[in-house]
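Down below is the structure, laid out as structure tokens.
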Amino acid sequence: MTAKNKKTRQGTVVSNKMDKSVVILVERKVRHKLYGKYIRRNVKYMAHDSANECNIGDVVLIEECRPLSKNKRWLVRSIIERSV
């Protein structure tokens with residue numbers, strides 16, 4: 001049995017009002033095909049935070065996992081940087 005590489009993303013916590021769940025905003029820069037200008041693209045992911053330790057503004061690392069609810073398919077792996 002081989003271990004699959006799981007996708008990871010780094011983002012900022014924008015909401016922690018739910019129990020054991022947080023919303024993570026992941027921002028990436030994409031180059032425009034014609035003009036070459038870099039454009040910001042944002043995606044929000046719901047992630048499972050079992051210990052309720054994430055606060056708004058924290059930079060976290062999330063990892064894909066099995067579906068935990070209707071919208072949750074990510075798991076908070078670690079808190080990289082705490083908010084002030």
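Please treat every number below as a calculation from the coordinates, not as lab data. Keep in mind it's a predicted model, so treat the numbers as computed, not measured. All Cβ positions, even for glycine, are placed from backbone atoms using ideal geometry, and neighbour counts span all protein chains on display.
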Eligible aspartates and glutamates near Lys70 by straight Cα distance, threshold 18 Å, same-chain separation 8 or greater: Asp19, Asp49
Under a point spin-label approximation (7 Å from Cα along Cα-to-Cβ), what is the Ile56-Met18 distance to one decimal in nm? 1.7
Vicinal HN-Hα couplings computed from phi for the range 7-20 (Karplus, 6.51 cos²θ - 1.76 cosθ + 1.60; Hz; Gly/Pro x): 5, 10, 9, 10, x, 10, 6, 10, 8, 9, 6, 8, 7, 6
Quick one: which residues, 5+ away or cross-chain, put their amide H under 5 Å from the amide H of Ser21? H built at 1.01 Å from N. Asp49
How large is the charge dipole for the chain, taken about the Cα centre, if only the Cβ atoms of Lys, Arg (+1) and Asp, Glu (-1) carry charge, to the nearest 20 debye? 660
Using the Cα centre of the chain as origin and beta-carbon charges of +1 (Lys, Arg) and -1 (Asp, Glu), tell me which of Val23, Ala51, Leu34 is placed farthest towards the positive end of the dipole. Leu34
In the chain, chymotrypsin sites (Phe, Trp or Tyr not before Pro) in a DSSP loop with at most 15 other beta-carbon atoms within 10 Å: Tyr35
Lysine pairs in the range 1-43 with Cα distance under 25 Å, only those 8 or more apart or on different chains: how many are there? 5
With θ set to phi - 60°, apply the Karplus curve 6.51 cos²θ - 1.76 cosθ + 1.60 along the range 55-67 and write out the HN-Hα couplings as whole Hz, x wherever there is a Gly or Pro. 10, 4, x, 5, 9, 10, 10, 10, 10, 5, 8, 5, x
